[in-house]
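Following: one structure in structure tokens, then a few remarks.
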Amino acid sequence: MNVLLDNFALFREGFVGTVELTLAAGLIAMVVGVLMAGCRVSPVRPMRLIGGVWVTVLRNTPLTLLFFAVVLGLPRFGVVLPFFTLAVLALGCYTSAFICEAVRAGINTVPVGQGEAARSLGMNFGQTLSLIVLPQAMRAVIPPVGSTLIALAKNTAIAGSFSVVELLGTYRTLNELGYDIVVTFMWIAIGYLIITLTISAVFRLLERHLEVTR
Amino acid sequence: MTSEDPLVVLSGVNKHFGSLHVLRDIDLTVARNEVVVLIGPSGSGKSTLCRTINRLEPIDSGTITIDGRPLPAEGRGLARLRSEVGMVFQSFNLFAHKTVLENLTLAQIKVRKRSKAEAEKKARELLARVGLADQAPKYPAQLSGGQQQRVAIARSLAMDPKVMLFDEPTSALDPEMINEVLEVMRTLAVEGMTMVVVTHEMGFARSAANRVVFMADGQILESRTPEEFFDHPETDRAKDFLSKILKH
Ligand SMILES: Nc1ncnc2c1ncn2[C@@H]1O[C@H](COP(=O)(O)OP(=O)(O)O)[C@@H](O)[C@H]1O
Ligand SMILES: [Mg+2]
């Protein structure tokens, strides 16, 4: 019990770090993921190609490798960013590939006639997607996006190995201070649970809200 | 009513789906105010022909012009053209997440850039015209098939189209609802709307069409007045086809 109370500031700092990483990377993942899903269903071939390559590369690269690529690679191009930003970029882009596929799967649940009707009324691709197809895809998209963001929250732990303050990394300090490692990890696990259960709850609310408005 | 004032002109149109040649050298001219009924066996390419007219299906060769202008390729020009060509689908395709009123106003506002008030006024007028003034706040799923199809027609009309395409608009309907939809279409025809209608409703073809175009295997085999076609079909394919649908 004392582990938590004695080191509350340390835990809190780590917890806040993980929450910040999750929120910032989640935002990037959502925006980029939806854009890439739009690319993948676009009538323009080069756009589809970009979306396809983005997903294939990012989804098939181990996240740790991606971290190395960003941390070691970007400085070579003269891009010098704080570790936190680099971590957010790596996590956000990686997760965007999974969001993209979840959104695309959702788009495929909407009958093609909906898009055809929109286009035949003169709506352009962007209008058709944003006004007609995506709103109807939402219901199918919400659950897998929730799972993806929960995975993201846990994946932020990798950032700890790249000098970013986050929840899992607190164990190193505490271990050096001589606290029981098992108890330490238990508190860390509870910290992650708080975050992931919150994400679950938010998405369950969203899901229920969409059911009501139908 | 002759081709003196051509509105839709297809010439030498070919279309393949993979190795399947679904439209073979189609030449078809639809005059302004003309009502053309497309008829033919299932799989003969009627839907595809209809869909090429607003480029929901791109063609492989040939030209299509609407009101003198060739169909633009994908992009802003195409979107503008599509807004001038109304399309009514067999499966209605009303926007499931929008109310009836929103179904009629959305494209007016987003495509035609009309104000919300203006769009709603027009929408309510059209709903009244198709006999559904009281259904405005409902969602499509709350309507019968016949009502949904009338809403779909009104939705197309809201864009003030130059021509309306109907792809088997009554085929998905229960028999008792077919007439309410045909009645709306008949009124449109009388008012001078240019229409291309894929249908097997012979009563409608006889009473409303200026011309019947018979298709088989991706080709136009006959193009004549309803009386001539139904009473004295020329080709064996047409005779065979008519004998089959008349039995039912
Ligand atoms: N999207 C498509 N992909 C492949 N084949 C298609 C497609 N749409 C239609 N076809 C084929 O093209 C032919 C003509 O179809 P269609 O125009 O729907 O005929 P109809 O409306 O006269 O029944 C059919 O053999 C059909 O199977
Ligand atoms: Mg058909």
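The values are calculated or read from the model by the stated rules, or taken from the named source; none is laboratory data. Everything numeric here is computed off the predicted structure, so don't read it as measured data. Reconstructed Cβ throughout: ideal geometry from the backbone, glycine too, with neighbour counts over all protein chains shown. Note: areas computed on protein heavy atoms with side chains; ligands, DNA, RNA excluded. Shrake-Rupley method; radii C 1.70, N 1.55, O 1.52, S 1.80 Å.
Could you say which residue among B:Ala117, B:Ala141, B:Ala136 is farther than 24 Å from B:Pro175 by Cβ, open to solvent by 40 Å² or more (accessible area, probe 1.4 Å) and of a type in the set (A, V, I, L, M, F, W, C)? On inspection, the qualifying residue turns out to be B:Ala117.
The condition of being more than 20 Å from A:Ile142 (Cα to Cα) and of a type outside the set (Asp, Glu) holds for only one of A:Val34, A:Val80, that being A:Val80. Of all the residues in segment B:4-38, those that are open to solvent by 10 Å² or more (accessible area, probe 1.4 Å), within 9 Å of ligand 1 (Cβ to nearest atom) and either under 18 Å from B:Phe166 (Cβ atoms) or in contact with a Lys or Arg (Cβ under 6 Å, 6 or more places away or on another chain) (or both) number 1.
Of the residues making up segment A:103-130, just one is facing chain B (nearest Cβ under 7 Å) and either among the basic types (Lys, Arg) or under 24 Å from the mean Cα position of the chain (by Cα) (or both), namely A:Arg119. In this entry, B:Asp67 is excluded by the filter for residues that are acidic (Asp, Glu), out of contact with any Asp or Glu (no Cβ under 9 Å at 6 or more places or on another chain) and open to solvent by 40 Å² or more (accessible area, probe 1.4 Å). Could you check, for segment B:200-211, whether at least one of its residues is open to solvent by 60 Å² or more (accessible area, probe 1.4 Å), away from ligand 2 (no atom under 16 Å from the Cβ) and in contact with a helix residue (DSSP H, G or I) (Cβ under 7 Å, 6 or more places away or on another chain)? Taking every residue of segment B:200-211 in turn, at least one turns out to be open to solvent by 60 Å² or more (accessible area, probe 1.4 Å), away from ligand 2 (no atom under 16 Å from the Cβ) and in contact with a helix residue (DSSP H, G or I) (Cβ under 7 Å, 6 or more places away or on another chain).
Annotation note: Cβ proximity below 8 Å between a residue of segment B:40-63 that is at the interface with chain A (Cβ under 10 Å from one of its Cβ atoms) and a residue that is near ligand 2 (Cβ under 8 Å from one of its atoms) and not β-branched (Val, Ile, Thr) (sequence gap 6+ or interchain) occurs for B:Arg51/B:Asp167. Scanning segment B:57-107 for residues that are in contact with a Lys or Arg (Cβ under 6 Å, 6 or more places away or on another chain) and within 16 Å of ligand 1 (Cβ to nearest atom) turns up B:Glu57, B:Ile59, B:Asp60. Within segment B:115-166, the set of residues being under 17 Å from the mean Cα position of the chain (by Cα) and in a loop (DSSP other than H, G, I, E, B) comprises B:Val130, B:Ala158, B:Met159, B:Asp160, B:Pro161, B:Lys162.
As a summary of the residue check, B:Arg150 satisfies the conditions (1) open to solvent by 10 Å² or more (accessible area, probe 1.4 Å); (2) within 12 Å of chain A (Cβ to nearest Cβ) except for the one numbered (2). The listed residues are B:Ser47, B:Ser42, and the only one of them that is under 23 Å from A:Phe125 (Cα atoms) and within 16 Å of ligand 2 (Cβ to nearest atom) turns out to be B:Ser47. Residues in segment B:71-114 that are over 15 Å from the mean Cα position of the chain (by Cα), among the small types (Gly, Ala, Ser) and facing another protein chain (nearest Cβ under 8 Å): B:Ala79, B:Ala96, B:Ala107. Every residue in segment B:1-39 that is within 16 Å of ligand 2 (Cβ to nearest atom) and without any contact (Cβ under 8 Å) to a residue 40 or more places away in the chain, please. Passing the criteria: B:Phe17, B:Leu20.
Assessment of segment A:102-113 against the conditions (buried (at least 18 other Cβ atoms within 10 Å of the Cβ), closer than 30 Å to B:Ile53 by Cβ and not basic (Lys, Arg)) yields at least one matching residue. Kindly check whether there is at least one residue in segment A:122-139 that is out of contact with any strand residue (DSSP E or B) (no Cβ under 6 Å at 6 or more places or on another chain), part of a loop (DSSP other than H, G, I, E, B) and surrounded by fewer than 21 Cβ atoms within 10 Å (Cβ to Cβ). Yes - at least one qualifying residue is present in segment A:122-139. I need a count of the residues in segment A:173-214 that are touching a helix residue (DSSP H, G or I) at 6+ places or on another chain (Cβ under 8 Å), within 14 Å of chain B (Cβ to nearest Cβ) and exposed (fewer than 13 other Cβ atoms within 10 Å of the Cβ). Here the count works out to 2.
Looking across segment B:39-55, the residues that are surrounded by 21 or more Cβ atoms within 10 Å (Cβ to Cβ) and more than 8 Å from ligand 1 (Cβ to nearest atom) come down to B:Ile39, B:Thr52, B:Ile53, B:Asn54. Condition (residue is within 14 Å of chain B (Cβ to nearest Cβ) and at pLDDT 95 or above) applied to segment A:48-67: is it met by at least one residue? For segment A:48-67, residues within 14 Å of chain B (Cβ to nearest Cβ) and at pLDDT 95 or above: present.
Scanning segment A:135-149 for residues that are out of contact with any Gly (no Cβ under 7 Å at 6 or more places or on another chain) and more than 10 Å from every other protein chain (Cβ to nearest Cβ) returns A:Ile142, A:Pro143, A:Pro144, A:Val145, A:Gly146, A:Ser147, A:Thr148.
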